[in-house]
1. Does E99 qualify as being in a helix (DSSP H, G or I), without any contact (Cβ under 8 Å) to a residue 12 or more places away in the chain, closer than 23 Å to K38 by Cβ and of a type in the set (D, E, K, R)?
2. What's the number of the condition S94 fails, among (1) within 22 Å of A125 (Cβ to Cβ); (2) touching a residue at least 60 places away in the same chain (Cβ under 8 Å); (3) not β-branched (V, I, T)?
3. Considering only residues of region 1-56 that are touching a residue at least 40 places away in the same chain (Cβ under 8 Å), surrounded by 13 or more Cβ atoms within 10 Å (Cβ to Cβ) and among the β-branched types (V, I, T), which is nearest to F100 (Cα to Cα)?
4. Which ones in region 67-117 are within 15 Å of I25 (Cβ to Cβ) and among the hydroxyl-bearing types (S, T, Y)?
5. Checking the conditions here, which among L92, L127 is among the aliphatic types (A, V, I, L, M), closer than 30 Å to M1 by Cα and under 17 Å from the mean Cα position of the chain (by Cα)?
Amino acid sequence: MRKEQILALRPQIPQAEITQGISEIERFQNNTLRPIIKFQHEIILAVFSSFVRKIHKDWGSISNKKKTVIVENVLSKNQQIKNKYTGIIGGLMSLEEFEFYQLNVSEINRRISQIIKQRIQTNLADL
């Protein structure tokens, strides 16, 4: 029951191609991570905005070029926010997906951070 409800929430992403020759990790990224991250878009931006405005009180006056560097630094160095994002994404996985995640945690966490970083950097105007 939970699995069906979770899967029903996820948006379809037609451009996330699932070809026959891709790895299991890439298939997981396209079938699981990308739809969850797209579904969680607003909360992902809100979490980052809240976090970064505590550190950079002048966030609104910083150039986009500098903001891009800040996003890179925060998402590569701050374990607290990386853990928060992992929870935001992991909480919307089915049990089977979570088991696969557990077997490939390092690589999947790297991909989660990369996708979220790109999403935040392309939405700087919304922060």
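Taken together, the values in this text are just the output of simple stated rules run on the coordinates, not laboratory data. Worth saying up front: this structure is predicted, and the values here are computed from it rather than measured. Cβ: placed from backbone, ideal geometry, glycine included. Neighbour counts: every protein chain shown.
1. On the way: in a helix (DSSP H, G or I): yes; without any contact (Cβ under 8 Å) to a residue 12 or more places away in the chain: yes; closer than 23 Å to K38 by Cβ: yes; of a type in the set (D, E, K, R): yes.
Spelling it out, E99 is indeed in a helix (DSSP H, G or I), without any contact (Cβ under 8 Å) to a residue 12 or more places away in the chain, closer than 23 Å to K38 by Cβ and of a type in the set (D, E, K, R).
2. Failed condition: (1).
3. Among them, the one singled out is I25.
4. Y101, S106, S113
5. Working: L127 fails: closer than 30 Å to M1 by Cα.
Of the residues listed, the single one that is among the aliphatic types (A, V, I, L, M), closer than 30 Å to M1 by Cα and under 17 Å from the mean Cα position of the chain (by Cα) is L92.
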